[in-house]
Amino acid sequence: MPKLGKNDTIKVAVAEVDGEMIPWLLLKDVSIYDHRTFADKDARNNYYQLRYNVLKVAPYAMFAGNRYRQLERDLALTGDKAKQKALVNACDKQIKDLFNAKIKDMSITQGEILIKLVNRETGNTSYALVKELKGSINAFMFQSLARLFGHDLKETYDPQEEYEIENILDKAGYKYHRD
């Protein structure tokens, strides 16, 4: 047996099994997914179209959620109504400058998914967010405009009901960022 020094050993947790000490290491969780099978070609195409749409709009929802949480923190630190309004307007301008052209090019289905994912990310419906930040009249106008194009800003996200979307996001590595 070679003589071991202080740097030649690694301390690990052990468990005693039948009088024998067995070392163990804590590893990260591993997700195991089964190979997905589809009933027919249309079901497969529908799933891949949903997957494409979800992965296309997910970054926008994540950015919106992060920006909303930052805005909430900033508003909590400011008691002055004028500064709060300026913060809201600056946030609105930033989001519009970054994403206005891209969001306008989205399909109706992608818009519906974005509304659901914003609810998933923030915990509030899109209608409630607009009402809180821009007021009731603006919320009513946006809801009316959304209805005109087949959307509902009051739509909520239920992980059990939207299990396909949740599964796609889970496989892609998106996690909840809410409190």
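The values are calculated or read from the model by the stated rules, or taken from the named source; none is laboratory data. For clarity, every value in this text was computed on a predicted model and none was experimentally measured. Methodologically, a virtual Cβ is constructed for each residue, glycine included, from the backbone with ideal geometry; neighbour enumeration extends over all protein chains shown. For accessibility, only protein heavy atoms count, side chains too; no ligands or nucleic acids. Shrake-Rupley method; radii C 1.70, N 1.55, O 1.52, S 1.80 Å.
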>> Being without any contact (Cβ under 8 Å) to a residue 24 or more places away in the chain, surrounded by 12 or more Cβ atoms within 10 Å (Cβ to Cβ) and not polar (S, T, N, Q) narrows it down to one residue among L117, L87; which is it?
In response: L87
> Of the residues Y127, Y157, Y174, which single one is closer than 18 Å to Y52 by Cβ and out of contact with any Cys (no Cβ under 6 Å at 6 or more places or on another chain)?
Replying inline: Y174
> Quick one: in segment 1-47, which of the residues that are open to solvent by 90 Å² or more (accessible area, probe 1.4 Å) and touching a strand residue (DSSP E or B) at 6+ places or on another chain (Cβ under 8 Å) is nearest to T109 (Cα to Cα)?
Replying inline: L26
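Do we have D105 as open to solvent by 80 Å² or more (accessible area, probe 1.4 Å), under 25 Å from L169 (Cβ atoms), out of contact with any His (no Cβ under 6 Å at 6 or more places or on another chain) and not basic (K, R) here?
Yes.
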> Name the residues in segment 126-171 that are under 17 Å from M62 (Cβ atoms), among the hydroxyl-bearing types (S, T, Y) and not in a helix (DSSP H, G or I), would you?
Replying inline: Y157
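N53 - would you say it is open to solvent by less than 70 Å² (accessible area, probe 1.4 Å), in contact (Cβ under 8 Å) with a residue 60 or more places away in the chain and either polar (S, T, N, Q) or part of a loop (DSSP other than H, G, I, E, B) (or both)?
Details: open to solvent by less than 70 Å² (accessible area, probe 1.4 Å): yes; in contact (Cβ under 8 Å) with a residue 60 or more places away in the chain: yes; either polar (S, T, N, Q) or part of a loop (DSSP other than H, G, I, E, B) (or both): yes.
The answer is yes for N53.
Filter segment 136-161 for residues that are of a type in the set (K, R) and either free of Cβ contacts under 8 Å to residues at least 24 places away in the same chain or out of contact with any Phe, Trp or Tyr (no Cβ under 6 Å at 6 or more places or on another chain) (or both) and give the result. Write out each step before concluding.
To start, the set of residues in segment 136-161 that are of a type in the set (K, R) comprises 147, 154.
Scanning segment 136-161 gives a single hit, R147.
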> What number goes with the only condition from (1) modelled with pLDDT of 85 or more; (2) buried (at least 16 other Cβ atoms within 10 Å of the Cβ); (3) touching a helix residue (DSSP H, G or I) at 6+ places or on another chain (Cβ under 7 Å) that E166 does not pass?
Replying inline: (3)
>> Please go through segment 1-46 and give me each residue that is at pLDDT 85 or above and touching a helix residue (DSSP H, G or I) at 6+ places or on another chain (Cβ under 8 Å), ordered by number.
In response: F38
